[in-house]
Amino acid sequence: MTGTFVPQIVQDDRRDSVSAEYREAARRYWAWGQVTAGLTVDPAEVPEALRSHLVPSGDRVATYLDEDETGTTIWASGRGEDGELLALRRHFPQNLFEDLERATLFAAVIGALGASVVGLGLAASIVRRLRRSTRQANRIKDGELGSRLPQRGRDEIAQLSAAVNAMAQALTARIESERAVTANIAHELRTPVAGLLTASSLLTGDDRPTEMVRERAVRLRDLIEDVLEVARIDNGGERAEPREVELATLARRVVAGVRADRPQAEVAVEVIHDTVRETDPRRLDRVLTNLVTNALRHGAEPVVVDVDGPELRVRDHGPGFPPELIAHGPQRFRTGGNGGLGLGLAIVTGQAGVIGAHLSWHNPPEGGAVATVTLPSDTP
């Protein structure tokens with residue numbers, strides 16, 4: 001488009017220039033009879049198309065453009081009051097336009113390339129900043145509340161990063177406050193609950209009300225301990241103490257402990273491939289115990305613990321995990337509708353994180369639910 005408009009503009013400027021030259025030369029001729037600047041009087045070679053448009057007038061000027069292989073010829077002509085014809089002719093070689101077109105095309109190409117390089121550079125810089133911001137935002141989403149988006153410059157991305165950082169700071173302060181309140185409440189309840197548990201143990205008789213008081217006191221104690229454990233995990237107060245553990249032996253110990261509390265429960269261990277891993281046995285025991293207990297409470301028997309190398313799978317035959325648990329993992333204070341506060345699986349997630357284990361949740365096609373604990377190869 002530039003290569004079309006620029007030559008046209010040049011042609012128009014040349015028409016105007018030749019017309020101006022003609023007017024000045026004609027003025028001198030009519031005033032003093034001087035023939036200057038190449039002005040000709042009654043030239044025979046004036047194009048007929050130009051001649052036919054001329055009328056007697058001292059001011060009327062007509063132009064005519066003639067192009068051929070040698071270049072462009074521009075005529076400017078007019079008639080005096082007596083009908084005398086005056087003409088001025090200028091010839092512009094073709095190579096001038098060719099040079100102009102080449103220069104215009106070259107400038108356009110260089111300009112386009114320059115703009116493309118600058119645009120690509122700016123786009124790449126923006127994409128890099130957005131990717132860094134996205135990574136940091138995902139870390140915040142995953143619970144790394146100390147992460148912050150990088151802030152550089154004063155553009156819209158920097159303003160967005162500042163807003164997200166302010167939101168993360170406010171969210172962190174609120175969560176830490178809520179954690180502190182929860183932990184304080186649990187600590188305050190620990191003493192009266194211990195007294196209640198002691199008092200319930202002194203009750204005599206085997207009637208149902210006495211049994212209900214004892215069960216509720218034990219349940220309340222366990223709930224307080226769960227809340228305190230979650231608070232310790234959230235505050236980073238948990239540290240792994242790894243040592244070599246035979247996984248099949250640990251799984252059998254977990255199942256035996258569950259059976260001691262639930263003698264009628266159908267719980268079994270299947271060893272596909274036993275192995276020894278360096279991990280924290282107390283925390284892994286806690287993870288498996290909570291998974292088996294959760295399967296008995298919210299799933300259906302039989303519950304099977306598979307030992308398959310570094311993978312430990314807890315299978316049940318119930319309705320399966322809720323879709324939101326599979327999509328987002330366990331959420332405390334949110335369960336599948338069978339009661340509880342969701343603290344058991346929250347503890348599973350926290351303790352697995354302490355020992356560096358990976359958790360996955362899925363519902364197999366044949367039914368039921370499977371929770372998989374994959375231990376790391378190296379020492380956490």
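We did not get these values from a lab; they are worked out from the coordinates using the rules stated. Everything numeric in this text was worked out from a predicted model, so none of it was measured. Note that each Cβ is placed from the backbone with ideal geometry, even for glycine, and that neighbours are counted across all protein chains shown.
A few remarks follow.
- For GLY318, nonlocal amide neighbours, meaning residues 5 or more places apart or on other chains whose placed amide H falls under 5 Å from its own, are ALA300, GLY368, ALA369.
- Under a 5 Å amide H cut-off, with hydrogens placed 1.01 Å from N, GLU270 pairs with VAL305, ASP306, VAL307 among residues at least 5 apart or on other chains.
- MRE, 222 nm, helices only [DSSP H, n ≥ 4, -39500 (n - 2.57), over the chain, to nearest 500]: -19000 deg cm²/dmol
- Magnitude of the charge dipole for the chain, about its Cα centre and with charges confined to Cβ atoms of Lys, Arg (+1) and Asp, Glu (-1), is about 1620 debye.
- Between helix 281-298 and the chain there is an angle of about 90 degrees, using the helix long axis and the longest principal axis of the Cα atoms.
- Gyration tensor (alpha-carbon) shape descriptor, the chain, a/c threshold 1.5: prolate
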